[in-house]
Amino acid sequence: MRKLVVSAWLALSVCAFAQGPLELWYRQPAKLWVEALPVGNGHLGAMIFGGAAHERIQFNEQTVWTGEPHDYAHPGAYRYLAQIRQLLFDGKQKEAEDLATREFMSVPIRQRAYQAFGDLLLDFPGIPEDSVTEYRRSLDLETALAKVEFTSHGVTYRREIFASYPSKLLVVRLTASQPGSLSFTAGLKSAHEGSAIQVLADGDLTMNGQVKGGAIRYQARLMVDAQGGHRETLDGKTVIIGADSATLVLAGATNFVNFRDVSGDPAKHNVQSMVWAHSRSYGALRAEHIADYRKLFGRATLDLGASAAATRPTDERIRAFAQAGDPQLVTLLFQYGRYLLISSSRPGGQPANLQGLWNESNNPPWDSKYTDNINTEMNYWPAEVANLAECQLPLFDAMKELAQSGATVAYEHYNAGGWVVHHNFDLWRGAAPINASNHGIWQTGGAWLSTHLWEHYLFTGDRQFLRDTAYPLMKGAAQFFVDTLVKDPKSGRLITGPSNSPEQGGLVMGPTMDREIVRTLFGDVIAASRILGVDAEFREKLTGMRQQIAPLQIGQYGQLQEWLEDKDDPKNEHRHVSHLWAVYPGSEVTPYGTPELFKAARQSLIFRGDAATGWSMGWKLNLWARFLDGDHAHKILQNLVSPANDKDATHPTSHAGLYANMFDAHPPFQIDGNFGAAAAIAEMLLQSDDPHGTELSLTPAQTGETAFLHLLPALPSAFPAGSVSGLRARGGVEVGITWRGGKLVQATLKSDQAKKVTVRYAGKEVVLDLAAGRVKTVGGEL
Ligand code: FUC
């Protein structure tokens, strides 16, 4: 009996050790912003520094931006389009870029910037820093609770902080182990000049103001509810003396309604938020938050194996990763990506920008806006496969607005129908070419984003979404290219232009990436219109034009050509790998459908090298997974999981990798690398694009009629045993996989609808019939 109990206990503890806690933790407060821990509810975001005597909670609200509703289109730019194209066809790139600079760019030439909002500052005068022992600061990914715990003069203090989506609030709970020992001052500090801090009759603090020179007006409102002790107000701050515990609730809002409407009332919004807060206890707010968060986070689990290092603080683990062999840190990176997506992109809010929704600066890198020549899309790469499909809805809402602003740009710049977005957009949905003609004029931003609509349909099988939301947007994106594709005088084939291969080589006609994206978009629209039984004529037109688009080409070095001409430089190590779009996230170039192109694409990636910036590593990781080379992918992962630093006085050289809070560094921090990495970890374990696909094929698996599952296609040898559950595949199948000794043990498949599924593993394929809602197990037959 006793033996049995001991072995059961052993089995349990081994299991807990194998999983490792899904937690980031530290023995010291954050000094730098990239050491602070993020919480967010897809509306408000906050960074928790965790100082014992002085707590700083730096917060953001997604719609605090510079600027105002504005149409960025350049009226009449289309009159110069033919001339710009002709100059490019004549080999006069500089003249074309100069003319475009004068006549073809966004008005104004730059878009607006995401802003910081403010700080919630808590000062604890009775807790000198040097009295603090047993300090611990953590973020639990299973509950989305941040915690700070320490002891001072024999009293244990605890802070618990979360950002709740159901209430749209940031909530801070302060407790102490001895009654009456909690004394602190709570204040708000604005990131903007001219903000007014006021104390309302009910004791709440407000911070009102307007972004300088812009239309956004904001209000933050703080309620402090202390149990025991007494309160005072001093210099616009709330002072609590001798309380047992306290709950602080922060609401924040702006007057932003949509890209054309800033008539909202932030004060009214915050009053409603506070009514919500008053109607619930701390326990109820907390329970509501955890239940909401778990509904999403709990859908997928991952175990890549045990790590002895799993008990060490996160910053130490990042430093030791290369030597320690810490697979559980990779699990943590995957789940952190999911956490960050849930925290920054929820229905009803803005899409995740270059920093998600966390931003300390009023002059952030690249304005922390939406760069859609890779970054915005990469933010959403894990959404479907990691079972967080609804987190992508804010992007689709933004696209509904972009289809409006982008229609004006299509008309004014190209005299075309449909809609177009160039390489960036902002809160005001600027869609015209910005910054400089050599890279700002890139036509396929809206088209690439539109492929996400189709993928969302493939993963979810949601026909109503396809009909009502996706198809009209996809059709408009395709219409633009129906109206603007031109014949390449040399080959007679259809190309885009003027455009560029992001962000190198300058203004050109027909870069490879554009052609891949447009061919894929046309294929998606053809498939969608067939499923919906609409637009037969338009479908015919697209089918004909699609075949005429200039094909992919293999160049003199055995590479996949990045441009129409064979001018790639094999020494070019540029971070963008745009022409490999067809391998990932596209699926025109596949191992079994187009082996020659596949080999050429691989050669191109080898030329580009392994070293890269944050998001570029994220892309290369996914590409190596698609090249079915798990060990090469793992090598890139080791570069990504290394200590990052920014170029500053303390670090004369900058280094991409992970900051102490596991934010990915471009550098500086840019969140796309986190999302690219999370997507890639899934891509190593499961691929669901059809590996027999070709440039022009629309196989049943590519239209969602059937599903294709490639199990453990790129499993790194560093993860010999493990399991994953809750991954999603195209065709609407949910997949769990267990492996041991580097080999598949079994996979479980579940589809909502009856579905024919091809399962591939280690070169063998079997075809299965899934019954609706029933779990099917495969293993031995493969
Ligand atoms: C693109 C990239 C840069 C950066 C910026 C936000 O312009 O080329 O590296 O990520 O987006």
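The values are calculated or read from the model by the stated rules, or taken from the named source; none is laboratory data. What you see is a predicted model; the values in this text were computed from it and never measured. Here Cβ is always computed from backbone atoms with ideal geometry, including for glycine, and neighbour counts include all displayed protein chains. SASA here: full protein model, heavy atoms, side chains in, ligands and nucleic acids out. Shrake-Rupley method; radii C 1.70, N 1.55, O 1.52, S 1.80 Å.
A few points about this structure:
- Remark: the A308-E540 segment gains 77.6 nm on full extension, using 0.36 nm per residue and subtracting the alpha carbon distance.
- Tilt relative to the chain, helix 630-640 - C-alpha long axis, 0 to 90 degrees, to 10: 50
- Mean separation of Cα contacts under 8 Å, 6 or more apart, over the residue count of the range 592-666: relative contact order %: 24
- Along the chain, longest interval not containing exposed chymotrypsin sites (Phe, Trp or Tyr not before Pro), exposed being DSSP loop plus at most 15 other Cβ atoms within 10 Å: 1-556
- 3J(HN,Hα) along the range 493-505: 8, 7, 9, 8, x, x, 7, 8, 8, x, 10, 8, x Hz, from the Karplus curve 6.51 cos²θ - 1.76 cosθ + 1.60 with θ = phi - 60°, whole Hz, x for Gly and Pro.
- C-alpha long axis of helix 614-626 to longest principal axis of the chain, angle in °: 60
- Placing a label point 7 Å from the Cα of T748 along the Cα-to-Cβ direction, the residues of the range 299-317 whose backbone N falls under 16 Å of that point are 299-303.
- Per-residue extension of 0.36 nm, minus the Cα-Cα distance of S279 and D98, leaves a gain of 59.0 nm for this segment.
- Rounded to the nearest 10 Å², the accessible area of L621 at probe 1.4 Å: 0
- Efficiency of FRET between D265 and A287 - r from beta-carbon atoms, R0 25 angstrom, step 0.05: 0.25
- In the full protein context, the range 21-160 carries 38 Å² of accessible surface per residue, based on a 1.4 Å probe and ignoring ligands, DNA and RNA.
- Bridgeable lysines around K743 (alpha carbons under 24 Å apart, same-chain partners fewer than 8 residues away excluded): K635, K764, K776.
- Spin-label model, A771/H54: points 7 Å from Cα along the beta carbon direction are separated by 6.6 nm.
- The simple spin-label model puts a point 7 Å past each Cα toward its Cβ; for S491 and D235 those points are separated by 6.9 nm.
- Rolling a 1.4 Å probe over the heavy atoms of the protein chains gives the range 498-540 an accessible area of 25 Å² per residue.
- Accessible surface of the range 169-283, 1.4 Å probe: 50 percent of it comes from carbon and sulfur atoms.
- Residue-averaged 222 nm ellipticity for the chain, from DSSP H runs of 4+ at -39500 (n - 2.57), nearest 500: -10000 deg cm²/dmol
- Apportionment of accessible area to carbon and sulfur, the range 284-364, percent (1.4 Å): 49
- Karplus (6.51, -1.76, 1.60) ³J(HN,Hα), θ = phi - 60°, over the range 260-269, in Hz, Gly and Pro reported as x: 10, 9, 10, 9, x, 10, x, 5, 5, 4
- Residue-by-residue Karplus 3J(HN,Hα) for the range 764-772, coefficients 6.51, -1.76, 1.60, Hz, glycine and proline x: 9, 10, 10, 10, 10, 9, 8, 8, 4
- Once C-alpha pairs closer than 8 Å and six or more residues apart are averaged by separation and normalised to the residue number of the chain, the relative contact order reads 12 percent.
- Principal-axis analysis of the Cα atoms of the chain puts helix 512-532 at an angle of about 90° to the longest axis.
- Neighbours of T653, meaning other residues whose beta-carbon lies under 15 angstrom from its beta-carbon, give a summed charge of -1 when Lys and Arg score +1 and Asp and Glu score -1.
- Using C-alpha pairs under 8 Å with a sequence gap of at least 6, the mean separation divided by the residue count of the range 683-773 gives a relative contact order of 25 percent.
- Solvent exposure of the range 657-775, expressed per residue, is 31 Å² of accessible area, with all protein chains present and a 1.4 angstrom probe.
- Extending 7 Å from Cα along the Cβ direction at R294 and again at D569 yields two label points whose distance is 5.6 nm.
- Shown here for the range 191-271: trypsin sites (Lys or Arg not before Pro) in loop regions (DSSP other than H, G, I, E, B) with at most 16 other Cβ atoms within 10 Å, namely K212, R260.
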